[in-house]
Amino acid sequence: MAIRIYNTLNRKKEIFVPIKQGRVGMYVCGPTVYDSCHIGHARSIVTFDVIARYLKAKDFEVTYVRNFTDVDDKIINRANQIGIDSKALAEKYINEFYEDMDALNVERPTIEPKATEHIAQIIKVIEILIDKSMAYQIDSDIFFAIQSFKDYGKLSGRKLEDMEAGARVDVDERKRNPFDFALWKSAKPGEPAWDSPWGKGRPGWHIECSAMSTEYLGETFDIHGGGKDLIFPHHENEIAQSEGAFGKPFARFWIHNGFVNINQEKMSKSLGNFLMIKDILKSFHPETVRLFLLSSHYRSPIDFTDKAMDEASAGLDKIYALFERVEEKKELSEINDVETGNYYKQFCEAMDDDFNTARGISVLFDAVRNINRLLDETKEGLSQEAIKDIISYKSDILKIGGILGILYESPEAYFEGKKSKALGKKSIDPAVIEDMVKEREKARKAKNWAEADKIRGQLEVMNIIIEDRPEGTIWKVKA
RNA sequence: GGCGGCAUAGCCAAGUGGUAAGGCAGCGGUCUGCAAAACCGCUAUUCAUCAGUUCGAAUCUGAUUGCCGCCUCCA
């Protein structure tokens, strides 16, 4: 089955054929490390994490490059504000980034280059552009001349004339065209700087991605990704630099993920509604975050709300509850190797269609319902056929989970983790609950239903839900 | 002003020419001491509106309305 990907470059879905058979080179714009990561970063990173996992599952040898922008105006400003070295600031946030990503079960890319460690490559690309008269020097700054690149605007669908009409006035007067952008910025006192043919300075924002993608993936590579907001100017400028310098097509497929809104509002500094990953993880299980992010197609905007998160959480509970149920059946414990089942196949069909995780997740729930049905239907003992089916379905669910990066815990660990998080927030002692459950059990044995229901009512007020199962009573915390 | 996107049940969300997935919520049922969980059934004759193309459209075209994004650092 061929994979079809929506290519921003041509604004349509195209059949994905890599340059080298069986291999994929993918470059994704990583964070500028001047602050904690927010849920928007999480969406982008989880999206491409799943894409990389899926491509690997389809037996592609994936070289996944995701950079760190570790030198930049924002980093310098922030470092100056709090009075520390900009390198130290970048390191602090790189570490924090890894903490967030590990929590979210994001796999490490193949290569994670930093801008500051590729100054030589950056300078080389700038020199080529100057040689080709596509870049020019003013004082000690180097600018890219967009008019020298005839395809400028092809990714974002803009025409130079149109843009000039709407351009802002606060442009650098020295530039030939208001949309020319800096390749190299001369150092001001106190700023991090590197030696260059044009004096001490540092790279502009866009050039690092051109230099580093070429370094690790070549002058032309398969996939370039990032958030929608990067289409213009960042990715447009990357194309101009790379195709200008090397005279070859740059990335062949451009993939852009949509935004995350918070209660229908765009995250913005002025609204102060940036939701940081580390804060969200205080309230929600990491898998809930992933399931929420993947419940919509990656290109659609999504709205982060408590309700949406609760629904994702309920869905996850449903799947883990099924695992728990399956584990309780001894005859299902010998998991032998099973063939790839129909659900996994359906999931792949969804993913082949522009990584449609929303549709893929519906397959997950279909499989869950079918196993539950089989378990419900055969109370007195499972037939060999049912056992075979259940094991196969469950194996499919786990395989799908492996691509979505969820369902990697044991049900016990999952529910225990949820319990302690929820109880911790409400500062309830689990021992108290255990005692109440035991009391209720006593009452039930004595057929003292009034007392049993009274205790259940008290627990419910505490957001504790009771389930009387054949094997005994268990309790859960309401989402 | 320029460019682009979206509008599907109470809510979330797939579906891009062949007669409306899935989840949450709701209702009825099975199970249960009663519940919960799970399962079964029901819940959009209809896909913002209006025209058009077609044997056939949520899916294509045009217009209208509404929402959103980008054009400036931004995932």
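Rg and Dmax of region A:306-407, both derived from C-alpha coordinates alone, stand at 13.9, 44 Å.
Counting every alpha-carbon pair across region A:265-344, the share separated by more than 18 Å comes to 60%.
When shorter helices are ignored and each DSSP H run of at least 4 residues is given -39500 (n - 2.57), the per-residue value for chain A at 222 nm works out to -15000 deg cm²/dmol.
The three principal axes of the C-alpha atoms in region A:144-246 carry coordinate ranges of 39, 37, 25 Å, sorted with the longest axis first.
Residues whose amide H falls under 5 Å from that of residue A:251, counting only those 5 or more places apart or on a different chain, are A:221, with hydrogens built in the peptide plane. Computing FRET efficiency as 1/(1 + (r/R0)^6) for residue A:17 and residue A:85, where r is the C-beta to C-beta distance and R0 is 41 Å, gives about 0.35.
For region A:342-398, the list of trypsin sites (Lys or Arg not before Pro) that fall in a loop by DSSP and count at most 11 other C-beta atoms within 10 angstrom reads A:379. In the calculated pair-distance distribution of region A:214-258, the portion above 17 angstrom amounts to 28 percent of the Cα-Cα pairs. Expressed as a whole percent, the accessible surface of chain A that belongs to carbon and sulfur atoms is 49, based on a 1.4 Å probe. Remark: accessible surface ordering of A:469, A:252 (largest first) is A:252, A:469, probe radius 1.4 Å. Note that region A:4-266, at 20 °C in a medium of 1.002 mPa s, gets a Stokes-Einstein diffusion coefficient of 111 µm²/s from its Kirkwood radius over C-alpha pairs.
Here residue A:434 and residue A:478 are evaluated by their C-beta separation; at R0 = 25 Å the FRET efficiency comes out at 0.90. Here r is the Cβ-Cβ distance between residue A:448 and residue A:229 and R0 is 51 Å; the resulting FRET efficiency, rounded to 0.05, is 0.25. Tilt of helix A:411-426 relative to the longest C-alpha principal axis of chain A, in degrees (0 to 90, nearest 10)? Approximately 80 degrees, to the nearest ten. Within region A:359-419, the proportion of Cα pairs with more than 19 Å between them is 41 percent. Computed from the Kirkwood radius of its Cα pairs, the Stokes-Einstein diffusion coefficient for region A:1-104 at 20 °C and 1.002 mPa s stands at 136 µm²/s. Per-residue accessible area (protein heavy atoms, 1.4 Å probe) orders A:254, A:198, A:205 as A:205, A:198, A:254, starting from the largest.
For the pair residue A:275 and residue A:161 in one chain, pulling the backbone fully straight at 0.36 nm per residue adds 37.3 nm over the alpha carbon distance. Look at the dipole of region A:306-407 built from charges on Cβ: of A:381, A:342, A:323, the Cα furthest out on the positive end belongs to A:381.
Normalised radius of gyration (Cα atoms, divided by 2.2 N^0.38 Å) for chain A: 1.17.
For the pair residue A:139 and residue A:111 in one chain, pulling the backbone fully straight at 0.36 nm per residue adds 6.6 nm over the alpha carbon distance.
The mean accessible area for residues of chain A, using a 1.4 Å probe and ignoring ligands and nucleic acids, is 47 Å² per residue.
Restricted to Cα atoms, region A:428-477 shows a radius of gyration and a Dmax of 10.0, 28 angstrom. For region A:404-443, applying the loop criterion from DSSP together with a ceiling of 10 other beta carbons within 10 Å to the GluC sites (Glu not before Pro) yields no site.
Take the Kirkwood radius over Cα pairs of region A:383-456, plug it into Stokes-Einstein at 20 °C and 1.002 mPa s, and you get 136 µm²/s for translational diffusion. If the chain linking residue A:314 and residue A:264 were pulled fully straight, counting 0.36 nm for each residue of separation and taking away their Cα-Cα distance, it would gain 15.8 nm. Extents of region A:327-479, taken as max minus min of Cα coordinates on every principal axis and listed largest first, are 53, 39, 22 Å. Shape descriptor for region A:82-128: Rg over Rh equals 1.11 (Cα atoms; Rh from the Kirkwood inverse mean 1/r).
Of the residues A:11, A:158, the one with the largest accessible area comes first in the ranking A:11, A:158, computed with a 1.4 Å probe on protein heavy atoms.
The values are calculated or read from the model by the stated rules, or taken from the named source; none is laboratory data. These numbers were taken from a predicted model, which means no experiment stands behind them. Here the Cβ is made from the backbone with ideal geometry for all residues, glycine too, and neighbour counts use every protein chain on show. Just so you know, the surface numbers come from the protein's heavy atoms only, side chains and all, with ligands and any DNA or RNA stripped out. Shrake-Rupley method; radii C 1.70, N 1.55, O 1.52, S 1.80 Å.
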